[in-house]
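This report refers to the structure that appears directly beneath it.
No value in this document is a laboratory result; all are computed from the given coordinates. Computed from a prediction, not measured in an experiment: that's the story for all the values here. Because the Cβ atoms are built from the backbone with ideal geometry, glycine has one as well, and the counts that use them run over all protein chains shown.
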Amino acid sequence: MLNIDLSGKRALVAGVADDAGYGFAIAKALAEAGATVSVATWPPALKIFLNLLERGKMDDSRRLASGGMLEFERIYPLDAAFDTLAEAPEDIRSNKRYTETGDFSIVGMAERLVADFGERPLDIVVHSLANGPEVKKPLLETSRAGYLAAVSVSAYSLVAMVQRLGPLMRPRGSFCSLTYMASERVIPGYGGGMSSAKAALESDTRLLAFEAGRKFGVRVNTISAGPLASRAASAIGIIERMVDYCAQNTPLPEPVQPTEIATAAAFLASDLASGITGSTVYVDKGYHAMGMPAQV
Ligand SMILES: NC(=O)c1ccc[n+]([C@@H]2O[C@H](COP(=O)([O-])OP(=O)(O)OC[C@H]3O[C@@H](n4cnc5c(N)ncnc54)[C@H](O)[C@@H]3O)[C@@H](O)[C@H]2O)c1
């Protein structure tokens, strides 16, 4: 039988702060396949996340098919808006939710990984984070600052992570991010430059696959996931409508499940996908193939 076997591999999933989003589901699937998993969490959400873990509030979702529990090897603080600590403005650095965490930049995380595990500690990196402060605003009303913030956190952060974590990857390593179809089709309500950020993320996936493939021998892919009412997506304000609409109009008329995105991510991270790089892989019950609503 062909099995997804990630035993002996170390993964980092950036963008996990609860058990409701794609990052958590992916972390769990990677662990189910045998990988050791660390996560990176946005400092403003870190305390609540640690608290939920400590109080056993996520124990049900942490239970693995094998009977064990999903354990995180490390939980790193990460604000993906900053490549180095020096770039973070003073009000962020002195903010209570940040002061306790130590270096929360991308470089800081890379240095901690090396300090914790040695020179080339990683096989798998999953980028499962996004933020658009003006996501509820139409593009026509989006400010320059809001647009650039969305692109910085949701797209450039992948470039920065491949730059800084690429040298830490063992041979045949894999990067994967999460994108959304609003990059290529109009999804009214997905505003604030988030659609632009996803378009950049997908385009960068192709170029990074080429450059990082040649430089580090790694693969870079992105999963275009169907809608899910995660914490981040709830900020959009219309996520329930997006989920319902897709469930009614997809070739497979049911909501996409986080586990379906997660198993695709585990496959892409595995050697079974050794020929796949630079790809946008749709895991959306086929919605991307539709040109007209199913119910007219
Ligand atoms: N939920 C959907 O409908 C959907 C659909 C397609 C793609 N996606 C993508 O999936 C990925 C995961 O999102 P999700 O919907 O599972 O929600 P989520 O809330 O589980 O994940 C988003 C994470 O990003 C983190 N984050 C926000 N700003 C950050 C920053 N500056 N630095 C570091 N972390 C930061 C949040 O704390 C959160 O943990 C995102 O890229 C999202 O755009 C989501």
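Overview of results
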{"quantity": "Rough spin-label spacing in nm, given labels placed 7 Å along Cα→Cβ, for ILE48 and LYS136", "calculated": "1.6 nm"}
{"quantity": "Spin-label zone in the stretch 186-203 - amide nitrogen under 18 Å from a point set 7 Å from the Cα of ASN249 along the C-beta vector", "calculated": "186-191, 195"}
{"quantity": "Under 22 Å from LYS9, Cα to Cα: lysines that are on another chain or at least 8 residues apart", "calculated": "LYS28, LYS215"}
{"quantity": "Cβ-placed point charges (K, R +1; D, E -1), dipole of the stretch 10-286 about Cα centre in debye, nearest 20", "calculated": "200 debye"}
{"quantity": "Length gained when the stretch ASP271-LYS215 is fully extended (0.36 nm per residue, less Cα-Cα span)", "calculated": "18.3 nm"}
{"quantity": "Alpha-carbon centroids, the stretch 54-95 and the stretch 214-272: separation in whole Å", "calculated": "21 Å"}
{"quantity": "Antiparallel bridges, percent of DSSP beta bridges restricted to the chain (to nearest 5)", "calculated": "5 percent"}
{"quantity": "In nm, spacing of pseudo-spin labels at MET292 and ARG63 (7 Å Cα→C-beta vector)", "calculated": "4.7 nm"}
{"quantity": "Length added when fully stretched, ALA199-GLU184, from 0.36 nm per residue minus Cα-Cα", "calculated": "4.7 nm"}
{"quantity": "Segments 35-45, 90-100, 129-139 sorted - mean Cβ within 10 Å per residue, highest first", "calculated": "35-45, 129-139, 90-100"}
{"quantity": "Overall form of the chain per C-alpha gyration tensor (a/c, 1.5; a/b vs b/c)", "calculated": "rounded"}
{"quantity": "Within straight-line cross-link reach of LYS285, aspartates and glutamates at Cα separation under 12 Å, skipping those fewer than 8 residues along the same chain", "calculated": "GLU254, GLU260"}
{"quantity": "Cβ crowding within 10 Å averaged over residues, with 1-8, 254-261 ranked highest first", "calculated": "254-261, 1-8"}
{"quantity": "Largest to smallest principal axis extent of the C-alpha atoms in the stretch 1-61, angstrom", "calculated": "42, 22, 18"}
